[in-house]
């Protein structure tokens, strides 16, 4: 495993990056071999840390900035990871849903993708994926997630907040333990309160504090979902 990563980082460190069909050093093959070893052995690791260590060993032999080489290597390996899975018949949307959020631990990424695929056929997931896309579009400029319960005046937003707290308490330990499928089953309980919220509540209220609080609530919910992946990218599969 170390020799493969050494060859990959060494080539990228001097600007020898595969282009098109040209791959004179077989870096695509080496990357796939690296990923297959990690997956087969179930190694839990940080690719970023391994790449950093491998690049640091080259010292002043690098001809491009180490940060650039690091980014290029990780993107390259991520591309091989995605292509390998889609080649096995896994929809690209499912792979992108996970890798667009984080790609550092390949084994963990694969578990998240498998969990998403396991529940993607459920009707509740189909609806929730569509609603999540709406959530993402609404909160794109919001970075806060602190909710003030006293500002939740509408019954639908109160119920959504209560549902979020309950689901978060139940799902968080499952997600932290890597039991993503069970965690997602719990998250699916958010479907009805989310639907009702959008039917009965105007997010962009005139009152600035009320509007900000509603955006924060949606942001908190989105962050819980994003611990597995970006559901909105699964919408194409669900439909």
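The values are calculated or read from the model by the stated rules, or taken from the named source; none is laboratory data. Values in this document were obtained by computation on a predicted structure and should not be read as measured data. Glycine also receives a Cβ, built like all others from the backbone with ideal geometry; neighbour counts cover every protein chain displayed.
Close Cβ contacts (under 9 Å, 6 or more residues apart or on different chains) running from residues in segment 28-54 that are assigned by TED's automatic domain parsing to the domain that holds residue 8 and without any contact (Cβ under 8 Å) to a residue 40 or more places away in the chain to residues that are surrounded by fewer than 12 Cβ atoms within 10 Å (Cβ to Cβ) and part of a helix (DSSP H, G or I) comprise 30/3.
Looking only at segment 109-134, filter to residues that are touching a residue at least 40 places away in the same chain (Cβ under 8 Å) and more than 21 Å from residue 174 (Cβ to Cβ); which one of those is nearest to the chain's Cα centre (by Cα)? In this case the residue turns out to be 133.
Kindly check whether there is at least one residue in segment 193-215 that is closer than 23 Å to residue 103 by Cβ and either surrounded by 17 or more Cβ atoms within 10 Å (Cβ to Cβ) or modelled with pLDDT under 95 (or both).
No, segment 193-215 contains no residue that is closer than 23 Å to residue 103 by Cβ and either surrounded by 17 or more Cβ atoms within 10 Å (Cβ to Cβ) or modelled with pLDDT under 95 (or both).
Comparison of 226, 218, 165 shows that the only residue that is under 24 Å from residue 116 (Cα atoms), surrounded by 16 or more Cβ atoms within 10 Å (Cβ to Cβ) and out of contact with any helix residue (DSSP H, G or I) (no Cβ under 8 Å at 6 or more places or on another chain) is 226.
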